[in-house]
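Only one structure is covered here, and it is reproduced in the block below.
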Amino acid sequence: MKKFEYDVTTHPIENFRQLAYLCTDKGECQAEQVPADERKILTDILNDHGVEGWELVQLIFSKTDVTAFWKRVR
C-alpha cells in the first residue's frame with residue numbers, strides 16, 4: 001500500500017495581488033489577465049517542490065498569504 005507524507009507552505013500575498021483577486025464571486029477566472037511576474041513566482045514554487053517529488057493538492061488564498069498543500073509518496 002502506498003504511504004504519503006504531506007507538507008504545508010505559505011507564501012506572502014504581496015507576490016500574488018492579481019492572481020489572488022482575479023476571480024469573480026461566481027468563480028469566473030481568466031489566467032491571461034494574471035501578470036507574467038506573478039505566474040513566474042507561482043511556477044517557481046510549483047517546480048521547486050515538484051523536483052523534490054511533491055504534488056500540489058490545493059492552493060488557498062487569504063488576505064495575508066497563499067497556502068499550498070502538498071503530498072508525495074514516502
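Express in Å², to the nearest 10, the accessible area of Arg17 obtained by rolling a 1.4 Å probe over the protein heavy atoms while all chains stay in place.
Estimated to the nearest 10 Å², Arg17 gives 100 Å².
Hey, rough spin-label estimate for Tyr6 and Leu56, points 7 angstrom out along Cα→Cβ, what's it come to in nanometres?
Label-label distance for Tyr6 and Leu56, simple model: 1.8 nm.
The values are calculated or read from the model by the stated rules, or taken from the named source; none is laboratory data. In this text, all values refer to a predicted model and were calculated from it rather than measured experimentally. Counting neighbours? That spans all protein chains shown, and the Cβs are built from the backbone with ideal geometry, glycine included. Each accessible area value is taken on the protein alone, full model and side chains, heavy atoms only, with ligands, DNA and RNA left out. Shrake-Rupley method; radii C 1.70, N 1.55, O 1.52, S 1.80 Å.
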